[in-house]
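Contents: one structure, followed by commentary.
The values are calculated or read from the model by the stated rules, or taken from the named source; none is laboratory data. In this text the structure is predicted, and so the values were computed from the model without any measurement. When we count neighbours, we look across all protein chains shown, and the Cβ atoms used for this are built from the backbone with ideal geometry, even at glycine. Surface areas here come from the heavy atoms of the whole protein model, side chains and all, with no ligands, DNA or RNA. Shrake-Rupley method; radii C 1.70, N 1.55, O 1.52, S 1.80 Å.
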Amino acid sequence: MGAGHHHQLYLPGDSVVHRLPPQCKLLAIFAFALVVVATPRERFWAFAAYAVLLAGVAVAARVPVTYVLRRMVIEVPFVLFAFLIPVIGLGERTTVLGLSLSVPGLWAAWNILAKATLGVIASILLAATTEPRTILIGAQRLRLPSLLVQIAMFMLRYMDVIMDEMRRMRVARESRGFEARNFRHIGVIARSAGALFIRSYERGERVHLAMLSRGYSGQMPIIQDLSASVRQWGIALALPAIALAVLGLTW
């Protein structure tokens, strides 16, 4: 699989969460997300309990709050969409700070914000404590479709290579006096994108032939033992188990 290098989302550490096998963390996050989605939007204290659980995971993983907050910027489009729903929503109206807002829209906005935020935080904690290539190995351990896993592996491995190629092409354009200023330069950018696609395709063909010459038979070899013990499964699944218990108390 190759050693690879640390991704910018990964926070190196030696905490109990870092040491858990990736398949345990993947299944735990997936189960936790299912519990969060199944929680009725009116159960405010349940969502607060889920947030406390994630805070406990962050403390155990030694992931700083500032680290999580910086990476939650990805949620901004969902936040903007959620704020628009009460404004354009239909049904019963109520006045909040001088604005006429839809009551069903307010509930929908809260539902989106609460569940999306918890899901984003859980994903950030997963990425912060697990290297991307290790996550893919965990997905392979969980018997996800092998073809999809391998496509993701190659995408991860060669994304930086393609980005470097794109940077070299940009430097080459700028060294010749080109500077994209308006729509008239779209043609040049489009031709560069076409050239990048062709180069990437040809590189993929060469890599595939090289793999075949080295005995590739459709399965990537796993050179790292990531088997999980019963104790590790128990630690990982404690998160969704406690969340499920909280959900059960709300009924």
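Here is a check on your reading of the model: is residue 128 of a type in the set (Gly, Ala, Ser) and crowded, with 19+ Cβ neighbours inside 10 Å? Yes. Within the stretch 27-49, the residues that satisfy the criterion of being more than 15 Å from residue 117 (Cα to Cα), open to solvent by 30 Å² or more (accessible area, probe 1.4 Å) and not in a helix (DSSP H, G or I) are 42, 43. The requirement of being within 30 Å of residue 61 (Cα to Cα), assigned to a helix (DSSP H, G or I) and out of contact with any Asp or Glu (no Cβ under 6 Å at 6 or more places or on another chain) is satisfied by residue 243.
In this entry, residue 203 is excluded by the filter for residues that are touching a helix residue (DSSP H, G or I) at 6+ places or on another chain (Cβ under 7 Å) and in a helix (DSSP H, G or I). Put simply, of 90, 101, 97 the only residue that is open to solvent by less than 30 Å² (accessible area, probe 1.4 Å) and modelled with pLDDT under 85 is 101.
Checked against (1) in a helix (DSSP H, G or I); (2) out of contact with any helix residue (DSSP H, G or I) (no Cβ under 7 Å at 6 or more places or on another chain), residue 143 passes all but a single condition, namely (1). Of the residues making up the stretch 50-76, those that are open to solvent by less than 80 Å² (accessible area, probe 1.4 Å) and more than 24 Å from residue 244 (Cβ to Cβ) are 64, 67, 71, 72, 75, 76.
Only one of 208, 185 is part of a helix (DSSP H, G or I), out of contact with any helix residue (DSSP H, G or I) (no Cβ under 8 Å at 6 or more places or on another chain) and modelled with pLDDT of 85 or more. Can you tell me which?
Selected residue: 208, the only one of 208, 185 that is part of a helix (DSSP H, G or I), out of contact with any helix residue (DSSP H, G or I) (no Cβ under 8 Å at 6 or more places or on another chain) and modelled with pLDDT of 85 or more.
Per-residue answers, yes or no, for (1) within 21 Å of the chain's Cα centre (by Cα); (2) modelled with pLDDT of 85 or more; (3) loosely packed, with under 14 Cβ neighbours inside 10 Å; (4) β-branched (Val, Ile, Thr):
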| site | (1), (2), (3), (4) |
| --- | --- |
| 138 | yes, yes, no, no |
| 147 | yes, no, yes, no |
| 153 | yes, no, no, no |
| 160 | yes, no, yes, no |
| 175 | no, yes, yes, no |
| 179 | no, no, yes, no |
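Within the stretch 217-251, being at pLDDT below 85 and open to solvent by 60 Å² or more (accessible area, probe 1.4 Å) holds for 217, 219, 221, 222, 223, 224, 225, 227, 249, 251.
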